[in-house]
Amino acid sequence: MGAKELMDLPVSERAFQLLRGKILRCEYAPGIKLKIDTLQRDLGVSSSPLREALSRLVVEGLVVSDERRGFSAAPVSVKDLHDVTRLRLMLDCEALAESIEHGDDQWEANIVTAFHWLSRIEGRHGEGPLTLDADWTARHKDFHMALLAGCTSGKLMKLSSALFDQSERYRRLSIRHRVEPRHKAAEHGQMMEVVLSRNKAEAVALLHDHIFRTAENVAAVLGKPSSADLIPRGDSR
């Protein structure tokens with residue numbers, strides 16, 4: 001969402017989107033205290049909409065609340081990553097299977113369009129750090145959600161979107177410490193071709209492997225003793 005779109009939102013929704021974005025991008029590190037006065041200064045929003053935004057983010061699992069310590073960005077752990085991944089594998093694979101069964105011509109066209117925009121960004125950046133590029137991140141999610149959009153359950157889609165965002169936070173934490181590059185463009189292209197061919201079993205297997213491999217890469221970084229510097233400590237200042 002661009003700056004103009006954010007400014008056009010009601011102040012409570014703008015506070016929510018700004019704060020949520022900073023947490024997902026790890027600009028507010030996992031575990032860091034989210035002080036109201038600091039957030040007011042950072043986001044240019046008054047305390048009332050900020051408290052509402054924090055409460056909404058508690059429900060999403062991106063913020064935790066403690067009677068004594070107040071609000072903090074949700075911590076990260078290998079255990080939580082495995083939990084998020086397990087749910088994604090269950091829900092996204094089911095949504096994809098249903099999409100292949102029920103998706104229409106418009107669903108197919110939207111997948112091709114989403115892949116086109118994702119590929120354009122990848123081509124523009126060449127071998128650059130795509131996985132930390134904001135445009136790539138947005139187009140990456142658009143592509144994944146386009147694959148699932150033929151699913152008839154709105155609640156399942158909402159859960160899949162929220163879980164994708166939680167996975168994205170973990171991926172961003174780990175990416176700077178990854179040793180071997182991941183050629184996701186080829187994986188996305190293969191998934192698109194198989195999905196459009198309506199090969200349900202192969203498509204679900206590819207998506208399962210894609211999600212699982214990402215989680216394995218992140219867990220490998222989080223589990224290393226040297227990865228402690230992934231998670232800065234202290235207050236949000």
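The values are calculated or read from the model by the stated rules, or taken from the named source; none is laboratory data. Quick caveat: nothing in here was measured; it's all calculated off a predicted structure. Here the Cβ is made from the backbone with ideal geometry for all residues, glycine too, and neighbour counts use every protein chain on show.
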### Query
On the given criteria, is Leu96 in the same structural domain as Leu159 (by TED's automatic domain parsing) and touching a Leu at 6+ places or on another chain (Cβ under 8 Å)?
yes
#### Entry: Single residue of segment 20-38 satisfying the filter (touching a Lys or Arg at 6+ places or on another chain (Cβ under 9 Å) and in a helix (DSSP H, G or I)) that is nearest to Arg172 (Cα to Cα)
Leu24
### Task
Mind listing just one residue for me: the one in segment 145-159 that is surrounded by fewer than 22 Cβ atoms within 10 Å (Cβ to Cβ) and in contact (Cβ under 8 Å) with a residue 40 or more places away in the chain and, of those, nearest to Ser119 (Cα to Cα)?
Ala149
### Task
Check whether at least one residue in segment 124-142 is of a type outside the set (D, E, K, R), under 16 Å from His210 (Cβ atoms) and modelled with pLDDT of 95 or more, and report yes or no.
no
### Message
Suppose the filter is exposed (fewer than 15 other Cβ atoms within 10 Å of the Cβ) and either free of Cβ contacts under 8 Å to residues at least 60 places away in the same chain or assigned to a loop (DSSP other than H, G, I, E, B) (or both); does Arg56 pass it?
### Response
no
### Task
Return yes or no: is Leu6 farther than 28 Å from Asp209 by Cα and buried (at least 16 other Cβ atoms within 10 Å of the Cβ)?
no
## Note on the structure
Just one listed residue, out of Ile111, Ile175, Ile121, is modelled with pLDDT of 90 or more and out of contact with any Gly (no Cβ under 7 Å at 6 or more places or on another chain), and it is Ile111
### Query
Given the conditions (1) part of a loop (DSSP other than H, G, I, E, B); (2) over 16 Å from the mean Cα position of the chain (by Cα), which single one is not true for Pro49?
(1)
### Query
Assuming Ala15 fulfils every condition listed in (1) part of a helix (DSSP H, G or I); (2) touching a residue at least 40 places away in the same chain (Cβ under 8 Å) apart from one, which condition is it?
(2)
### Query
Mind checking whether some residue in segment 70-91 is part of a helix (DSSP H, G or I), over 20 Å from Arg169 (Cα atoms) and among the hydroxyl-bearing types (Ser, Thr, Tyr)?
no
### Subset of segment 207-237 that is charged (D, E, K, R) and modelled with pLDDT of 85 or more - its residue that is farthest from His144 (Cα to Cα)
Glu216
### Task
Filter segment 59-69 down to residues that are of a type in the set (D, E, K, R) and either touching a residue at least 60 places away in the same chain (Cβ under 8 Å) or assigned to a helix (DSSP H, G or I) (or both), then give me how many there are.
1
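One line per residue, one yes/no per condition, for (1) modelled with pLDDT under 95; (2) of a type in the set (Lys, Arg); (3) closer than 15 Å to Gly70 by Cβ:
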{"residue": "Val11", "(1), (2), (3)": "yes, no, no"}
{"residue": "Leu18", "(1), (2), (3)": "yes, no, no"}
{"residue": "Lys22", "(1), (2), (3)": "yes, yes, no"}
{"residue": "Tyr28", "(1), (2), (3)": "yes, no, yes"}
{"residue": "Leu43", "(1), (2), (3)": "yes, no, no"}
{"residue": "Ser46", "(1), (2), (3)": "yes, no, no"}
{"residue": "Ala53", "(1), (2), (3)": "no, no, yes"}
